[in-house]
Each structure stands twice: as structure tokens, then as C-alpha cells.
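Reviewing the structure listed below.
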Amino acid sequence: MDCIFCKIANGTIPAKKLYETPNSLAFLDAFPLVRGHTLVIPKNHYYKVQDMSESDNKDLFETVRVMSGKLESISPSTLIAIHNGKESGQEIPHVHVHIIPRNSSDGAGPVHSMFSKRPSLDEEEFEKIIKIIQNKK
């Protein structure tokens, strides 16, 4: 497989490793947005979060929890982000969690600032969305 994260996980490509478990790996992003920008990946290849096994999912998010605390030694808060599929902005088709140290002067805003074309939904539309997601007719 020609996946850069799989190659990092199996040691073929070096990375600035910060933390490792049998199922996941945390390392510094090679193209950081800020100092300490960290990626956490499952060692097994998965395209989307919902594709992951339960055990890999638990391990990955426990690693995210641990690393979030560690990164607060750099900055008072962290942004945790997952692009879950190509259309959401996922550039590498392997599940990865960004943990980005944040502070009030970093120039980045809240998640709502990312979307300029926000919908205006009425109660009927909210109910339609709920039915679709819950697979009800």
C-alpha cells in the first residue's frame, strides 16, 4: 500500500514520534500550523472513523486524550479535528486526528468561522434531517 501514514506506522518513513501504543501513534505534523501541531493515527489502515474496529477506535481516542493533556504544556487549549473523507478536506486517506495547540492570539477562530455559506433551517427541515440520520420514514 502506498499510504504515507502506514509507512510512518511501520517505520519505513521516519517521524517525530511523541507517543505510541500497540495500536496508535502520535507524532509532530511535518507541515505544522502552529508549534506542537500533532497527528494521531491508528497503525492499521482505515479511510474513515466509522471503518475502524472498536479496539482501534478506543485506543486512538485514548491516545488523543493523553496527547491533548501533554500539548497543553505548550499552549492553554487544543483544537481537535478530524477530516473524515475527501469532501471534508481529508488529504491523506488514512484516519488521522489533528491536535493543534491554541491560544487567544493565534489568529484562528472557532469552527463556525470556517463556513461562510451556513444554512437557515426551519423546524421541518431539522425533523427531516433527524429522520434521514435515524433511517426513519
Which residues, counting only those in the stretch 92-112, are in contact (Cβ under 8 Å) with a residue 60 or more places away in the chain and part of a strand (DSSP E or B)? His98, Ile99, Ile100, Pro101, Arg102
Yes or no: the stretch 14-26 includes at least one residue that is touching a Lys or Arg at 6+ places or on another chain (Cβ under 7 Å) and at pLDDT below 95. no
Limited to the stretch 1-17, what total is found for residues that are touching a strand residue (DSSP E or B) at 6+ places or on another chain (Cβ under 8 Å) and without any contact (Cβ under 8 Å) to a residue 60 or more places away in the chain? 5
Which pairs turn up if I take residues in the stretch 64-78 that are under 15 Å from Ser105 (Cβ atoms) and look for partners that are of a type outside the set (A, V, I, L, M) and exposed (fewer than 14 other Cβ atoms within 10 Å of the Cβ) with beta carbon separation below 9 Å, at least 6 apart in sequence or on another chain? Ile74/Arg35; Ser75/Arg35; Ser75/Asn103; Pro76/Asn103; Pro76/Ser104; Ser77/Asn103; Ser77/Ser104
If the requirement is being aromatic (Phe, Trp, Tyr) and in a strand (DSSP E or B), which of these qualifies: Phe27, Phe31, Phe5? Phe27
Considering only residues of the stretch 77-91 that are out of contact with any helix residue (DSSP H, G or I) (no Cβ under 6 Å at 6 or more places or on another chain) and part of a loop (DSSP other than H, G, I, E, B), which is surrounded by the fewest Cβ atoms within 10 Å (Cβ to Cβ)? Glu91
Extreme residue, nearest to Arg102 (Cα to Cα), among residues of the stretch 21-39 that are of a type in the set (A, V, I, L, M, F, W, C) and buried (at least 16 other Cβ atoms within 10 Å of the Cβ): Val34
Complete set of residues in the stretch 100-132 that are in contact with a Leu (Cβ under 9 Å, 6 or more places away or on another chain), within 29 Å of Thr78 (Cα to Cα) and among the hydrophobic types (A, V, I, L, M, F, W, C): Ile100, Ala108, Val111
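Residues checked against (1) free of Cβ contacts under 8 Å to residues at least 40 places away in the same chain; (2) buried (at least 18 other Cβ atoms within 10 Å of the Cβ); (3) touching a helix residue (DSSP H, G or I) at 6+ places or on another chain (Cβ under 8 Å); (4) part of a loop (DSSP other than H, G, I, E, B):
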position	(1), (2), (3), (4)
Tyr19	no, no, yes, no
Ile41	no, yes, yes, no
His45	no, no, yes, yes
Lys58	yes, no, no, no
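The values are calculated or read from the model by the stated rules, or taken from the named source; none is laboratory data. Fair warning: this is a prediction, and the values are worked out from it, not measured in the lab. A quick note on method: Cβ atoms are made from the backbone with ideal geometry, for glycine too, and the neighbour counts reach across all protein chains shown.
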